[in-house]
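The structure under discussion appears below in the form of structure tokens.
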Amino acid sequence: MKPYTSRVSEKKRLSVNDLQALKNRGEKISCLTAYDASFSTVLDKAGIEVILVGDSLGMVFQGHATTLPVTMDDMIYHTACVSRGCNRALVVADLPFMSYTSLLAAAENAARLIQGGGANMIKLEGARPDVVGFLVGNGVPVCGHLGLLPQFINCLGGYKVQGRELPDAERIISDAVSLEKAGAGLLILECVPASLAQTISQQLSIPVIGIGAGIDCDGQVLVLYDILNIGSGRRPKFSKDFMEGATSIEEAIHNYHIAVKEARFPTIEHSY
Ligand code: KIV
């Protein structure tokens, strides 16, 4: 594979159409989480295309055991910090636990993330084509999230790989198709077998970003603090310490970006 060189203008804010163009021409999409302006700037300078203000901030930033305590006010605050730090990356913000139990709640809370936080796209967990269709119909770009759903941790009983059994795999495929049909512009697939993620990435027209979902997704996302080896928790199998061999945070993030763009990450050791 040829070394990666960027073909996208450095100044322009990326849109969901730019991500679609990357998929259409077979170029991988790089994504990382961030929760503050300083890291957002570093990610943007490295060329990361999507910055996810994930509700993982509840665990890695606030020190909770799960993402469930994260509030709308937390999400707006951190999304605004991240938006102020970057000029080019598309900023995706999570709707937190219980903030989209109805269409109206979803619309009001998405509006708060866009108007108060400066988000360019909203992400929500689970098979909710009703909510996706309603938001998209009101001008909100939506990213779906299937596979392991951290907001459902009390139903799942643990952070486990999803879709190993055929009925589960079939359900995830049909949920992915229904989210795309409803108008989702992006899909995150978390902790599923690489073969299942490959099937979904090939079947959907929209870009599929994997985390613990193998090399054949259209892009990759990881939690920033995991790749910088910050924190006391055990790093998940699907992540990698990019500080290893790097002399600075900037170099580690650059190395992640290039490894994703050149399809050198994830390897089998980071996949299921
Ligand atoms: O909240 C988050 O950071 C996420 C990623 C792990 C995909 O949803």
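Remarks
- Residues in the stretch 136-170 that are open to solvent by less than 10 Å² (accessible area, probe 1.4 Å) and of a type in the set (Val, Ile, Thr): 142 alone.
- Condition check for residue 59 on (1) closer than 27 Å to residue 159 by Cα; (2) open to solvent by 50 Å² or more (accessible area, probe 1.4 Å); (3) assigned to a helix (DSSP H, G or I); (4) more than 12 Å from the ligand (Cβ to nearest atom): one failure, at (4).
- Residue check for residue 259: open to solvent by less than 30 Å² (accessible area, probe 1.4 Å) and out of contact with any strand residue (DSSP E or B) (no Cβ under 9 Å at 6 or more places or on another chain): no
- Checked against the criterion of being over 17 Å from the mean Cα position of the chain (by Cα) and either open to solvent by 10 Å² or more (accessible area, probe 1.4 Å) or not polar (S, T, N, Q) (or both), the candidates 83, 38 yield just one match: 38.
- Meets criteria (among the hydroxyl-bearing types (Ser, Thr, Tyr) and in contact with a strand residue (DSSP E or B) (Cβ under 9 Å, 6 or more places away or on another chain)) for residue 272: no
- Being modelled with pLDDT under 95, out of contact with any helix residue (DSSP H, G or I) (no Cβ under 8 Å at 6 or more places or on another chain) and open to solvent by 30 Å² or more (accessible area, probe 1.4 Å) is a description that applies to residue 6.
- Within the stretch 85-97, one or more residues are over 23 Å from residue 16 (Cβ atoms) and either assigned to a helix (DSSP H, G or I) or of a type outside the set (Lys, Arg) (or both).
- Just one of the listed residues (219, 210, 231) is surrounded by fewer than 21 Cβ atoms within 10 Å (Cβ to Cβ), within 15 Å of the ligand (Cβ to nearest atom) and closer than 25 Å to residue 48 by Cβ, namely 231.
The values are calculated or read from the model by the stated rules, or taken from the named source; none is laboratory data. This is a predicted model, so every value here is computed, not measured. Quick reminder, even Gly has a Cβ in these numbers, built from the backbone with ideal geometry, and neighbours come from all protein chains shown. To get the accessible areas, we keep the full protein, side chains included, count just its heavy atoms, and leave off ligands, DNA and RNA. Shrake-Rupley method; radii C 1.70, N 1.55, O 1.52, S 1.80 Å.
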